[in-house]
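The values are calculated or read from the model by the stated rules, or taken from the named source; none is laboratory data. As the structure is a prediction and not an experimental result, all values here were calculated from the model. Cβ placement follows ideal geometry from the backbone for every residue including glycine, while neighbour counts extend to all protein chains displayed.
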Amino acid sequence: MKKMIRIGLLGAGTVGTGTARVLNLNQHEIAERVGTSIEVSKVLVRNPDKERPGFEGIAKTSRFENILGDPEIDIIVELMGGLHPAKEYMLQALAAGKRVVTANKDVIAQFGHELFAMAAEHETEIFFEASVGGGIPIITPLKECLTANHITQIMGIVNGTTNYMLTKMSECGNDYDTVLREAQQKGYAEADPTADVGGLDAARKAVILSSIAFNSRVQLEDVSVEGITNITPDDIAYAKDLGYVVKLLAVGKDTEDGIDVRVHPVFLPQSHPLAAVNGVYNAIFVHGNAIGDAMFYGQGAGSLPTASAVVADIMRAAHDICQDQLSSVGCTCYEQKPICPLEKTSSCYYVRLLVDDEPGVLAAIATAFGEAGVSLKSVIQTRQNVVDHAEIVAITHKVLHEKMQQAMKTIRGLKVVDEVRNIIRVENGEDD
Ligand code: NAP
Ligand code: HSE
């Protein structure tokens, strides 16, 4: 049994600092549970001269070779973020036979298969629990605890930044830029928040979850992605009036037409369990044919919650080193299922239009929907906050995406329609 397991930490930012803190805070319990002590031996940063509270007495370097070439280091913990050089560093670490722990959803979503293959080839392991859902256990439950199930659906709020922003916009009426700044200050948003607000961060998590749940590799380009940048306070106000909340959802379904994976904002009924998931909290629903519905809930971003998952992975890697075993479940993509085209997916929709305020407008719009085979559930016409025009808000019954596209093409061409202000899916409406 090794007396001490040494870590090379790549990155000392939000999650790196949290990881060092959890290892220090719970060092006695961790040592008892693993059967050996764990210490951070070296840290890779861009600027080793910067003062870094929490890393006093630990060697800092900007050269990865100093960590890779250190035979005392057993586990490399990648918390730098980004695709490159994170991917190359992890590949090199695995090729050197070291265990790797990462929170990097970008690399796992895009190059996971290469990393798993490298780990298998060199009889080592890679752990990535923190890459989805921050502190929420979801990767291990999917790969291990729920492995007896045929999973047909995953639906979740998997981006803390956008959930925090939508919650603040809804509860306090704050504007988009203010809430984005707050999310960045709290360390939830990525260094470049475009991926958060544009839905790409959630899409990467959808790729990871769907690939594991459906045992078939899903690629980023298979995901239909829409972020929250077009969501306005007016949409949030209409949602409230109609009994909904606006959430950014990642949806993965194993359908007869193939795997349907999408990320987009949705109107969720206020009574839906995911509607109560607020702030930086994430939640992931899983439907399996044995367990039925299961929901995983917790903080999806932030320093200590994410470090909770990272340190658990470090402990498992350390335990495996001590036992001289490989306990992790490697790549589980043993099938090659087709991807369901977006046109073949169906949903209810919320549509908000700016129109001329004159007789016959409503009829023209209803006709356009009807001729495309789109059935309307409710329609509101209002002149609130609109000058010389009217605003029409319609909620449709469940309809094929291609029929909705056809209706919207006609509506956009109507002379009386000045602007299509928004189209948002309505998930789990009466028709679902
Ligand atoms: P961060 O605060 O931006 O920290 C990144 C750290 O990595 C910094 O210490 C930086 O060094 C170092 N670094 C980056 N590129 C480097 C390079 N090329 N060479 C050397 N050092 C480099 O990032 P974070 O928020 O902790 O996120 C880390 C990872 O965790 C990402 O993959 C992210 O997606 C994932 N994650 C984050 C959260 C969250 O809540 N933040 C939650 C779940 C998962 P300097 O300090 O010298 O700049
Ligand atoms: N930026 C991400 C989020 C961090 O807001 O959820 C966790 O992956």
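List of remarks:
- Test: residue in segment 199-207 that is more than 16 Å from ligand 1 (Cβ to nearest atom) and of a type outside the set (A, V, I, L, M): no
- Scanning segment 175-198 for residues that are within 15 Å of ligand 1 (Cβ to nearest atom) and assigned to a loop (DSSP other than H, G, I, E, B) returns LYS186, GLY187, TYR188, ALA189, GLU190, ALA191, ASP192, PRO193, GLY198.
- Filtering segment 368-378 for residues that are touching a His at 6+ places or on another chain (Cβ under 6 Å) and either of a type in the set (Lys, Arg) or within 21 Å of PHE116 (Cβ to Cβ) (or both) leaves a non-empty set.
- Among the candidates LYS403, LYS409, residue that is in contact with a Gly (Cβ under 7 Å, 6 or more places away or on another chain) and either on the phi > 0 side of the Ramachandran plot or modelled with pLDDT of 95 or more (or both): LYS403
- Number of the exception - ASP313 against (1) more than 30 Å from SER37 (Cβ to Cβ); (2) of a type in the set (Asp, Glu); (3) modelled with pLDDT of 95 or more: (1)
- Residues located in segment 65-94, provided they are in contact with a Gly (Cβ under 9 Å, 6 or more places away or on another chain) and near ligand 1 (Cβ under 9 Å from one of its atoms): GLU78, LEU79, MET80, GLY81, ALA86
- Filtering ALA275, ALA213 for residues that are of a type in the set (A, V, I, L, M), over 14 Å from the mean Cα position of the chain (by Cα) and over 26 Å from PRO341 (Cα atoms) leaves a single hit, ALA275.
- Checklist (1) crowded, with 24+ Cβ neighbours inside 10 Å; (2) touching a strand residue (DSSP E or B) at 6+ places or on another chain (Cβ under 7 Å) applied to ILE212, failing item: (2)
- In segment 266-310, the residue that is modelled with the lowest pLDDT out of those that are away from ligand 2 (no atom under 14 Å from the Cβ) and in a helix (DSSP H, G or I) is PRO273.
- Of the residues in segment 334-351, none is within 26 Å of GLY227 (Cα to Cα) and more than 31 Å from the chain's Cα centre (by Cα).
- Criterion: out of contact with any strand residue (DSSP E or B) (no Cβ under 7 Å at 6 or more places or on another chain) and not aromatic (Phe, Trp, Tyr) - qualifying residue of THR345, THR410: THR410
- Verdict on ILE138 being within 20 Å of the chain's Cα centre (by Cα) and more than 13 Å from ligand 2 (Cβ to nearest atom): no
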